[in-house]
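These notes concern the structure reproduced below.
Bear in mind that the values in this text are calculations on the coordinates, not laboratory data. Owing to the predicted nature of the structure, the values given are computational and were not obtained by experimental measurement. With ideal geometry, Cβ positions are generated from the backbone for all residues, glycine too; neighbour counts draw on all protein chains shown.
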Amino acid sequence: MTAPHEPIPGTTIFDGRMAMKGYPLNKMCYSFNEAAARQEFLADEDAYCAKFGLTDEQKTAIKERNALALLAAGGNIYYLAKFIGMLGLNVQDIGAQQTGMTVEEFKAKLKAAGN
Amino acid sequence: MTAPHEPIPGTTIFDGRMAMKGYPLNKMCYSFNEAAARQEFLADEDAYCAKFGLTDEQKTAIKERNALALLAAGGNIYYLAKFIGMLGLNVQDIGAQQTGMTVEEFKAKLKAAGN
Amino acid sequence: MAKIVGGVTTSHIPAIGNAIANELFEDPYWKPFFDGYPKAREWLAEVKPDVAIVVYNDHGLNFFLDKMPTFSIGAAPEYQNKDEGWGLKPLPPYPGDPELSWHIIESLVNDEFDICSCQEMAVDHGFTVPMALLWPDQTQRPVRTIPVAVNTVQHPLPTPARCLKLGEAIGRAVASYPKDLKVVVLGTGGLSHQLDGERAGFINKDFDLMCLEKIVDEPEALAKYSIHDLVRLAGAQGAELILWLIMRGALGRKVSKVHSNYHIPISNTGAGLLVLESAA
Amino acid sequence: MAKIVGGVTTSHIPAIGNAIANELFEDPYWKPFFDGYPKAREWLAEVKPDVAIVVYNDHGLNFFLDKMPTFSIGAAPEYQNKDEGWGLKPLPPYPGDPELSWHIIESLVNDEFDICSCQEMAVDHGFTVPMALLWPDQTQRPVRTIPVAVNTVQHPLPTPARCLKLGEAIGRAVASYPKDLKVVVLGTGGLSHQLDGERAGFINKDFDLMCLEKIVDEPEALAKYSIHDLVRLAGAQGAELILWLIMRGALGRKVSKVHSNYHIPISNTGAGLLVLESAA
Ligand SMILES: [Fe+3]
Ligand SMILES: [Fe+3]
């Protein structure tokens with residue numbers, strides 16, 4: 001909230017502004033630490049999202065499994081990771097989705113960083 | 001746990017040593033913030049104490065509503081206050097019990113401090 | 001720019017909440033206590049603060065020993081009271097100012113204070129009783145609030161010196177907020193009292209009067225005490241004086257005393273009220 | 001007297017836990033990573049520490065945004081892992097050393113660090129993966145542990161400079177503990193990586209190699225960065241470098257490098273391993 005820093009392309013700092021926006025979404029994702037909560041979500045996604053008071057933007061992003069939209073709606077990657085993990089996806093799948101690559105391309109990009 | 005201070009008569013500092021001793025007792029008393037927990041305790045005191053894993057010393061002190069014994073067993077006054085409040089007692093009742101006075105004597109002592 | 005216009009210290013014990021609920025304002029036991037407050041309310045009505053930073057200690061409602069932070073700051077859109085174990089009724093929520101909260105938290109963390117930020121926070125009598133004393137009409141919430149909760153439950157407690165410094169850092173944080181806002185700081189709790197042990201009922205009038213004097217122009221003198229000193233001199237719960245020191249630090253070096261009151265006993269405490277105005 | 005004998009830095013990402021579970025030690029992708037660890041384990045077997053202080057970040061298991069402390073220290077008799085959202089199996093609990101925990105917490109609070117003490121604490125992969133890399137036999141718990149959890153979830157994060165100072169204060173705290181104990185400090189996480197946003201997959205080899213060099217003899221050079229610098233140079237999660245700085249601060253001014261390894265990529269990270277021994 002204080003002195004704004006130069007933005008870092010492709011990177012959103014999860015500060016107070018994002019926290020205020022994302023609270024219900026992050027709270028829902030935090031609940032996925034419990035297996036029972038995951039089952040409840042999977043049994044009726046809409047009802048579970050409503051229970052936590054997600055905004056429409058957040059509900060849509062959840063429905064579409066859209067990582068960039070989830071981040072834009074205030075999602076924090078640490079809590080979103082519970083959602084991603086529950087779907088059986090890993091950080092490479094999500095990395096590929098966010099960068100518009102195939103998973104193979106994304107893995108190659110990581111490997112290239114070692115050269 | 002570091003440099004021991006000169007003891008203050010009639011006063012126990014709730015430090016790490018006491019915290020380790022009192023954890024289950026304090027956790028039970030903290031639960032009394034919820035009305036449902038208070039009802040569950042009042043319906044079956046022994047079962048409720050067992051659920052939180054109280055030591056025998058703590059169980060006895062609870063059973064006897066003995067403030068000094070609760071403190072000696074690691075109880076923290078802030079959590080014990082939930083237990084005391086639930087019993088309909090106030091800080092003067094408990095003050096009198098701890099100092100071995102009648103409530104009237106204890107109130108007179110407080111008043112005298114203003115002279 | 002935001003500005004801290006002054007501060008108020010007041011007791012926060014639950015018995016006051018009961019007395020308010022039962023309207024004991026003219027009761028001979030309570031009158032000398034309640035009679036101190038109209039002047040404080042007049043000052044607030046004159047100053048018209050936008051925000052109150054409420055420095056208090058949680059008495060085992062929002063925090064348990066599983067996670068006991070030293071300094072916690074609310075960053076929620078509103079704050080709600082709860083039953084506390086003895087069936088208190090729900091009050092209308094207290095509106096927050098999350099934007100100012102985050103500004104303060106950012107400023108403090110960059111200033112090397114290790115804050116616990118709280119985006120949800122139940123507030124107990126340490127917060128609600130002072131609010132009811134200063135803004136009695138519960139149907140109105142004329143100020144936004146920022147709760148600052150300080151650990152007085154689990155030793156080690158923060159030292160008085162650290163608390164004065166936190167107050168000073170809060171002062172710097174508010175002064176750097178770009179919006180035009182008037183802010184008051186409440187330092188709640190105290191003065192001398194002890195609820196637990198064979199020493200229950202301990203009150204130290206001389207010490208309390210000394211605190212009421214020194215905190216105006218010489219808070220450093222009080223910040224020299226250790227927590228152990230405070231427990232010895234002011235009783236186990238008298239260590240709540242550290243909350244007053246945070247308030248005082250936030251007001252800046254020079255303040256003037258607008259009003260004060262002191263009465264023994266209210267429940268088990270020496271009750272001190274102080275209204276301080278920051279230098280313009 | 002207790003003594004910090006040295007420290008180890010290591011990545012802690014969940015993928016390592018999966019690779020261990022699937023015994024991928026000789027798999028071509030994993031071999032260059034796992035091959036770094038036998039030397040670290042040899043050093044530990046030689047040193048035989050009694051206690052490991054594990055500096056890590058909770059990734060949304062034990063802490064949520066309702067109460068997000070900057071620095072939390074465990075003071076529990078034991079610590080348990082949990083499912084974390086993807087069905088991890090329960091491990092045998094990690095024994096704590098609550099007496100040493102409280103000694104450290106008291107020392108730090110008196111040293112003006114505003115600690116959150118945790119008498120119950122679930123530990124996540126940030127803690128369990130390094131423990132499994134260094135002490136692979138899960139049927140044995142040869143060291144007692146003290147978890148130190150640092151907020152890297154909710155900005156503002158503590159500054160690198162503050163983290164180095166916290167480490168130094170932990171060093172002083174351990175040195176003043178009267179029991180004869182050998183203590184190692186683990187700094188977990190890092191090095192460069194970013195999981196979120198269009199910049200996901202960012203790795204900065206030059207920066208990582210520079211960190212691995214500077215942290216040995218010149219940690220002050222790394223402590224000069226801001227968090228924003230770290231995010232820019234090391235990626236959003238590369239800010240975990242602050243955990244290494246806490247470890248490094250605790251070891252004292254002079255250390256010698258026993259062993260190091262660096263490999264790209266492990267999952268999305270540059271994985272750095274470093275074994276440092278404190279001067280006698
Ligand atoms: Fe109080
Ligand atoms: Fe991590």
Query raised in the report: Scanning for something away from every other protein chain (no Cβ under 12 Å) and not basic (Lys, Arg), does segment A:1-24 turn up at least one residue?
Result: no
Report task. Please name all residue pairs, on different chains or six or more residues apart, with Cβ atoms under 7 Å, provided the first residue is in segment D:15-35 and is under 17 Å from D:Val129 (Cα atoms) and the second residue is in a loop (DSSP other than H, G, I, E, B) and hydroxyl-bearing (Ser, Thr, Tyr). Result -> D:Ala15/D:Ser267
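Rundown of residues vs (1) within 11 Å of another protein chain (Cβ to nearest Cβ); (2) within 19 Å of D:Phe202 (Cβ to Cβ); (3) within 16 Å of ligand 1 (Cβ to nearest atom), yes/no style:
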{"residue": "D:Val216", "(1), (2), (3)": "no, no, no"}
{"residue": "D:Lys224", "(1), (2), (3)": "no, no, no"}
{"residue": "D:Asp229", "(1), (2), (3)": "yes, yes, no"}
{"residue": "D:Leu241", "(1), (2), (3)": "no, yes, no"}
{"residue": "D:Trp244", "(1), (2), (3)": "no, yes, no"}
{"residue": "D:Arg248", "(1), (2), (3)": "no, no, no"}
{"residue": "D:Ser260", "(1), (2), (3)": "no, no, no"}
Report task. Provide a single number: the residues in segment C:77-97 that are buried (at least 23 other Cβ atoms within 10 Å of the Cβ) and either part of a loop (DSSP other than H, G, I, E, B) or more than 19 Å from the chain's Cα centre (by Cα) (or both). Result -> 2
Report task. Could you tell me whether any residue of segment C:38-60 is at the interface with another protein chain (Cβ under 8 Å from one of its Cβ atoms) and either over 30 Å from C:Ala175 (Cα atoms) or touching a helix residue (DSSP H, G or I) at 6+ places or on another chain (Cβ under 7 Å) (or both)? Result -> yes
Report task. Quick one: count up the residues across segment C:39-81 that are away from ligand 1 (no atom under 16 Å from the Cβ) and of a type outside the set (A, V, I, L, M, F, W, C). Result -> 16
Query raised in the report: How do the pairs read when you match residues in segment C:255-272 that are more than 14 Å from C:Gly238 (Cα to Cα) with residues anywhere that are acidic (Asp, Glu), using Cβ under 7 Å and keeping only pairs 6 or more apart or on different chains?
Result: C:Val255/C:Glu277; C:Ser256/C:Glu277; C:Val258/C:Glu277; C:Tyr262/C:Asp208
Report task. Specify the residue that is farthest from D:Ala271 (Cα to Cα); the eligible residues are those in segment D:195-214 that are surrounded by fewer than 22 Cβ atoms within 10 Å (Cβ to Cβ) and more than 7 Å from chain A (Cβ to nearest Cβ). Result -> D:Lys214
Query raised in the report: Scanning segment A:28-62 for residues that are among the charged types (D, E, K, R) and either in contact with a His (Cβ under 6 Å, 6 or more places away or on another chain) or loosely packed, with under 14 Cβ neighbours inside 10 Å (or both), which turns out farthest from the other protein chains (Cβ to nearest Cβ)?
Result: A:Asp46
Requested in this report: Give segment D:175-217 a look and list any residue that's under 29 Å from D:Val143 (Cβ atoms) and free of Cβ contacts under 8 Å to residues at least 60 places away in the same chain, or say none.
Outcome: D:Glu213, D:Lys214, D:Asp217
